[in-house]
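Notes for the one structure printed next.
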Amino acid sequence: MTDTAPSLLNRSLLPAPWTLSLRVVGIGIVGGLLYGLLGIFSYTLPHSQDVTIRPAIAVLVFLGIRFGPIAGGLVGIIGNPIVDLLQGSSVWTYWDWHLANALVGVIAGLAAYYLKPASSTRGGIVRLSIISIVALVFGFGLTFLDLLRGEGGNSWWAGSYLPTVAWSLVVCLPLVPVLESGWRPVLPFDSARDVPPAPVPTSD
């Protein structure tokens, strides 16, 4: 990632929040399917309330950052139910976690747009880390709705919320900058908007 390449160091290269288009919706749907499929590569933590280490959470945060809150929200609300289905759970059992995943993507998109741009590559990595922390801490806070399903407050806090946020940060802090640095080869359909056209050669 360099200061001259399209990156999160320049806010003007990010979509305006709440920009709704077929492209944004398409990215959200495809990203949700990707998140759901990659989510099967998870490990359930012992002595927790079905909390898993899920490397795919970095995909959710990254897509929210890069493509905005609508795309990020769609990735979470589509992807998390797919993970539950593939792991043998009912879609409706952990409905609040679907909403929480969507909120993570929404907050990531909003924070990426409104947080002051960095002036260096190192600052850009710190910026990505801050966005990840804010998105995960506040997004997964919505899982307090577990209390409506009869879970005790201490059980939710220590057995669900804190482990989820902590292990998601362990995954996102290194992986989100990696995804950002390599997003153009993976998402070529987006690079056309950011890369200036090549100069047309002229004959002498």
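The values are calculated or read from the model by the stated rules, or taken from the named source; none is laboratory data. What you see is a predicted model, and the numbers here were worked out from it, not measured in a lab. Here the Cβ positions follow ideal geometry from the backbone for every residue, glycine too, while neighbour counts run over all protein chains shown. We work out accessible area using only protein heavy atoms, side chains counted, and drop any ligands, DNA or RNA first. Shrake-Rupley method; radii C 1.70, N 1.55, O 1.52, S 1.80 Å.
Taking the numbered list (1) in contact with a helix residue (DSSP H, G or I) (Cβ under 9 Å, 6 or more places away or on another chain); (2) touching a residue at least 24 places away in the same chain (Cβ under 8 Å) in turn, S90 passes all entries but (2). Only one of the numbered conditions (1) buried (at least 24 other Cβ atoms within 10 Å of the Cβ); (2) touching a residue at least 60 places away in the same chain (Cβ under 8 Å) is not met by P55, and that is (1).
Looking only at the stretch 99-127, residues that are open to solvent by 10 Å² or more (accessible area, probe 1.4 Å) and either under 18 Å from G28 (Cα atoms) or acidic (D, E) (or both) come to 8 in all.
Cβ-Cβ distances below 7 Å connect the following pairs, each with a first residue in the stretch 22-46 that is under 16 Å from W183 (Cα atoms), a second residue that is in a helix (DSSP H, G or I) and not hydrophobic (A, V, I, L, M, F, W, C), and a separation of six or more residues or different chains: Y35/G79.
Conditions tested, residue by residue: (1) aliphatic (A, V, I, L, M); (2) more than 20 Å from Y35 (Cα to Cα); (3) surrounded by 16 or more Cβ atoms within 10 Å (Cβ to Cβ).
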{"residue": "L142", "(1), (2), (3)": "yes, no, yes"}
{"residue": "G152", "(1), (2), (3)": "no, yes, no"}
{"residue": "G159", "(1), (2), (3)": "no, yes, yes"}
{"residue": "T164", "(1), (2), (3)": "no, no, yes"}
